[in-house]
Amino acid sequence: SQKIEQNSEALNIQEGKTATLTCNYTNYSPAYLQWYRQDPGRGPVFLLLIRENEKEKRKERLKVTFDTTLKQSLFHITASQPADSATYLCALDIIDRGSTLGRLYFGRGTQLTVWP
Amino acid sequence: ETGVTQTPRHLVMGMTNKKSLKCEQHLGHNAMYWYKQSAKKPLELMFVYNFKEQTENNSVPSRFSPECPNSSHLFLHLHTLQPEDSALYLCASSPVGGAGNQPQHFGDGTRLSIL
């Protein structure tokens with residue numbers, strides 16, 4: 001069966017530190033992995049996409065790694081700020097058996113709080 | 001500012017009512033999605049439309065009925081809902097469906113409460 005785990009429901013860190021969020025998966029070999037940010041009462045917003053043959057992707061203070069051997073993605077926010085407080089979702093692109101089209105499977109998310 | 005607009009933002013309805021959720025995207029995308037988001041659970045894909053054709057129905061009860069009249073509009077018709085259907089319903093779009101290398105653009109959802 002399909003299973004995506006994000007390391008913890010909540011992560012609290014001090015401003016200026018690096019936040020590291022984990023996404024683990026089993027039973028898949030996704031070609032792509034995506035990260036989204038969701039604020040309370042809002043829809044998810046796309047942040048980064050990484051391909052299976054990419055080890056690392058960066059965008060400003062964000063960095064994503066993708067280890068297909070460990071079946072794990074790490075999402076880093078460097079020099080974190082209170083404005084980074086939100087829920088972060090990972091999503092895997094999976095083609096279900098019997099289907100020709102892929103679809104995204106989402107994790108439950110990790111709620112990040114950055115305190116001053 | 002989101003290119004995907006959902007209305008209404010909040011909806012309270014009785015179990016015997018009939019209502020519809022509306023989604024409109026201004027991004028020129030050809031795929032549109034309905035997701036259900038319940039507390040402490042991952043987003044659940046409900047329906048996918050690709051070029052106005054339904055390509056996925058993720059075992060959704062028939063009390064939820066989607067409609068996609070064109071690539072820019074998506075509706076979710078609701079009737080005889082159950083209390084467990086209370087959730088945030090999110091609409092999303094992407095350039096085409098089934099392509100994991102494309103991000104999805106979400107609306108801000110309709111918060112649905114069933115009395």
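Computed quantities for the displayed model
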read-out	value
Filter result (part of a loop (DSSP other than H, G, I, E, B), of a type in the set (G, A, S) and surrounded by fewer than 21 Cβ atoms within 10 Å (Cβ to Cβ)) within the range B:66-105	B:S71, B:S72, B:S86, B:G98, B:A99
Some residue of the range A:87-96 being within 14 Å of chain B (Cβ to nearest Cβ), at pLDDT below 95 and either surrounded by fewer than 17 Cβ atoms within 10 Å (Cβ to Cβ) or assigned to a loop (DSSP other than H, G, I, E, B) (or both)	yes
When residues of the range B:61-112 are limited to those that are within 14 Å of chain A (Cβ to nearest Cβ) and hydroxyl-bearing (S, T, Y), the one nearest to the chain's Cα centre (by Cα)	B:Y89
Which listed residue, of A:G102, A:G43, is at pLDDT 95 or above and touching an Asp or Glu at 6+ places or on another chain (Cβ under 6 Å)	A:G43
Residues (farther than 14 Å from A:R37 by Cβ, at pLDDT 95 or above and not in a strand (DSSP E or B)) located in the range A:51-81	A:T78, A:A79
Residues located in the range A:19-36, provided they are within 11 Å of chain B (Cβ to nearest Cβ) and part of a strand (DSSP E or B)	A:Y32, A:L33, A:Q34, A:W35, A:Y36
Residue match in the range B:22-34 (condition: over 12 Å from A:R103 (Cα atoms), buried (at least 19 other Cβ atoms within 10 Å of the Cβ), modelled with pLDDT of 95 or more and charged (D, E, K, R))	no
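The values are calculated or read from the model by the stated rules, or taken from the named source; none is laboratory data. Since we're looking at a predicted model, the values are computed, not measured. We place every Cβ from the backbone using ideal geometry, glycine too, and count neighbours over all the protein chains shown.
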